[in-house]
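Have a look at the structure below, then the notes.
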Number of protein chains: 2
Amino acid sequence: MYKEKEDLHAVQKDYYKDNRKMYVATDCIIFGFDSGNLKLLLFQRRVAPLSGEWSLIGSFVNLDEDVSAAAERVLEETTGLKNVFMEELKVYGAANRDPGYRCISVGQYALIRLNEYDKELVKEHGAAWYDVNDLPPLVLDHGQMVKDALAKLKQKARFQPLGFELLPEKFTIPQLQSVYEAIFQKELDTRNFRKKVFSHNVLVKLDEKDKTSSKRGAFLYKFDHKRYKRLIEKGNDFEVF
Amino acid sequence: MYKEKEDLHAVQKDYYKDNRKMYVATDCIIFGFDSGNLKLLLFQRRVAPLSGEWSLIGSFVNLDEDVSAAAERVLEETTGLKNVFMEELKVYGAANRDPGYRCISVGQYALIRLNEYDKELVKEHGAAWYDVNDLPPLVLDHGQMVKDALAKLKQKARFQPLGFELLPEKFTIPQLQSVYEAIFQKELDTRNFRKKVFSHNVLVKLDEKDKTSSKRGAFLYKFDHKRYKRLIEKGNDFEVF
DNA sequence: AAAATTAATGTATAATTTACATTTATTATC
DNA sequence: GATAATAAATGTAAATTATACATTAATTTT
């Protein structure tokens, strides 16, 4: 399928001879949000070595597979979810990062809605949700990947509407604020938060209320992707929060 | 050196068998700045196929080499420079991106000072500087890499002091403004620019003037890395410009 | 001495961000 | 059915930051 004799990189043709191989993997940092906290989907190895150790969910990238497709495959295999927010984090390419193979890993972080994933699948895979502030030790450099992903999320969420990816399609403003407080790791002022949130005019107020967390109930809203898209196409480079 | 039989990833042990290989390369998007314009160091292939075609400068990643080290090696081999600003851009991992090998490439962008590199080396390698607004067609997905790197530079330069990496250690404010105008692709107001630049208190005014571009001459400044570091350690998350 | 050229500077207005406390809608309880 | 309890919803004034804009200063060349 791939013609290795072809001489496109002729100058460097003696790389990777002698049957030694470079492996490429991808590891997914899968974030969720529930009751005020960011969660991470981890997977408990069931086979030796490192059986029982916690790890991010990953896979080798197939030879005929796009790197991004490999991450999407992993995500779908364990959660049943497709078409969710997923973005490259960083390459983990230290020569000695994996004692088994020479293996680089492309870290990719995903934001999913905890009301949408397939719980059966998750259970089957020996995966479980952990609070990001209370993680078990992770294999290899996965702890670093999580740290990097959290930092990136914090940074990106300022200018891109990522908070919405972690909530159900219909959400309340207090819920939204809570997501951003978890991402930014600080409390926000209700009035100022609402002011900013509404100022962009990308939320649609629904006629329903969510009464699960108060007697009064809070109105539900939807994020209007089209309006948002139109905004940024106009060259608007605003802070979401 | 790497024990491929070790069973760390036992579940996935049948990946990459049959002698098929995954190659990992790195391509460097090397930026410079001169007379008002961002420049890119390109390399003209000297061997078939694609001889004479322009390309970013890259290399396969050696089996015992960190991915970042590979990029540093490439940069040093062609420019003689070490310890310059270099950061990962993105992984280019489409299965069909390279017709020769199954090869993913880690794009890494570097910012260098055009007064510091080794001109002999550059010539020896058949490399040359191109204005980013006037590039020849590039092989494979290298054109996309450049586009992505420019976008990232534009985005990052807002919050990180990257402009300084493209100027000599001693520079004038008009030069600095010119760098930022090139990065942001828009003209900036001199007075407002100076106000912002000085407000962070990270520039040290020298007693010398640069007279190459005016009769009056412009004072030279240095960027004070220590002061900047102290600022961000205090949690200051300010816009550089 | 005058002309030419780029460097350097300040201020007023608009826009944005911040800090802060009360009222409202609803359910549960007495 | 009145009262208590609870979280949701709202506005304003002050401070900070961003923007728009034109003149003077230093030096060299003619």
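The values are calculated or read from the model by the stated rules, or taken from the named source; none is laboratory data. Since the model is a prediction, treat every value here as computed from it, not as a measurement. Backbone-built Cβ (ideal geometry, glycine too); neighbour counts: all protein chains shown.
Evaluation of residue B:173 against the conditions (1) of a type in the set (Val, Ile, Thr); (2) within 15 Å of DNA strand C (Cβ to nearest atom); (3) surrounded by fewer than 14 Cβ atoms within 10 Å (Cβ to Cβ) shows that the sole unmet condition is (3).
What are the residues in the stretch A:220-241 that are within 14 Å of DNA strand C (Cβ to nearest atom) and surrounded by 13 or more Cβ atoms within 10 Å (Cβ to Cβ), if any? Scanning the stretch A:220-241 gives A:220, A:231, A:240, A:241. Quick check on residue A:192: is it loosely packed, with under 15 Cβ neighbours inside 10 Å, in a helix (DSSP H, G or I) and within 15 Å of DNA strand D (Cβ to nearest atom)? So residue A:192 fits the description; yes.
Yes/no per residue for (1) under 26 Å from residue A:157 (Cβ atoms); (2) surrounded by 18 or more Cβ atoms within 10 Å (Cβ to Cβ); (3) within 11 Å of chain B (Cβ to nearest Cβ):
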{"position": "A:24", "(1), (2), (3)": "no, yes, yes"}
{"position": "A:33", "(1), (2), (3)": "yes, yes, no"}
{"position": "A:38", "(1), (2), (3)": "yes, yes, no"}
{"position": "A:42", "(1), (2), (3)": "yes, yes, no"}
{"position": "A:51", "(1), (2), (3)": "no, no, yes"}
{"position": "A:57", "(1), (2), (3)": "yes, yes, no"}
{"position": "A:72", "(1), (2), (3)": "yes, yes, no"}
{"position": "A:76", "(1), (2), (3)": "yes, no, no"}
{"position": "A:82", "(1), (2), (3)": "yes, no, no"}
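From the residues in the stretch A:176-189 that are more than 11 Å from DNA strand C (Cβ to nearest atom) and away from chain B (no Cβ under 14 Å), which one is surrounded by the fewest Cβ atoms within 10 Å (Cβ to Cβ)? Quick ask: steps written out before the conclusion?
Start the filter on the stretch A:176-189 by keeping residues that are more than 11 Å from DNA strand C (Cβ to nearest atom), which leaves A:176-185.
Within this subset, residues satisfying the condition of being away from chain B (no Cβ under 14 Å) are A:176-183.
Values: A:176: 21, A:177: 19, A:178: 20, A:179: 22, A:180: 21, A:181: 15, A:182: 24, A:183: 22.
In this case the residue turns out to be A:181.
What do you reckon, is residue A:165 surrounded by 15 or more Cβ atoms within 10 Å (Cβ to Cβ) and modelled with pLDDT of 95 or more? For residue A:165, the condition - surrounded by 15 or more Cβ atoms within 10 Å (Cβ to Cβ) and modelled with pLDDT of 95 or more - is met.
Being outside any loop (DSSP other than H, G, I, E, B), among the aliphatic types (A, V, I, L, M) and assigned by TED's automatic domain parsing to the domain that holds residue A:24: is that true of residue A:95 here? Spelling it out, it is not the case that residue A:95 is outside any loop (DSSP other than H, G, I, E, B), among the aliphatic types (A, V, I, L, M) and assigned by TED's automatic domain parsing to the domain that holds residue A:24.
Note on the stretch A:195-241: among residues that are in contact (Cβ under 8 Å) with a residue 40 or more places away in the chain and within 14 Å of another protein chain (Cβ to nearest Cβ), the one that is farthest from DNA strand D (Cβ to nearest atom) is A:241. Of all residue pairs spaced 6 or more apart or on separate chains, those with beta-carbon atoms under 9 Å, a first member in the stretch A:149-174 that is among the hydroxyl-bearing types (Ser, Thr, Tyr) and a second member that is part of a loop (DSSP other than H, G, I, E, B) and surrounded by fewer than 20 Cβ atoms within 10 Å (Cβ to Cβ) are A:172/A:213; A:172/A:217.
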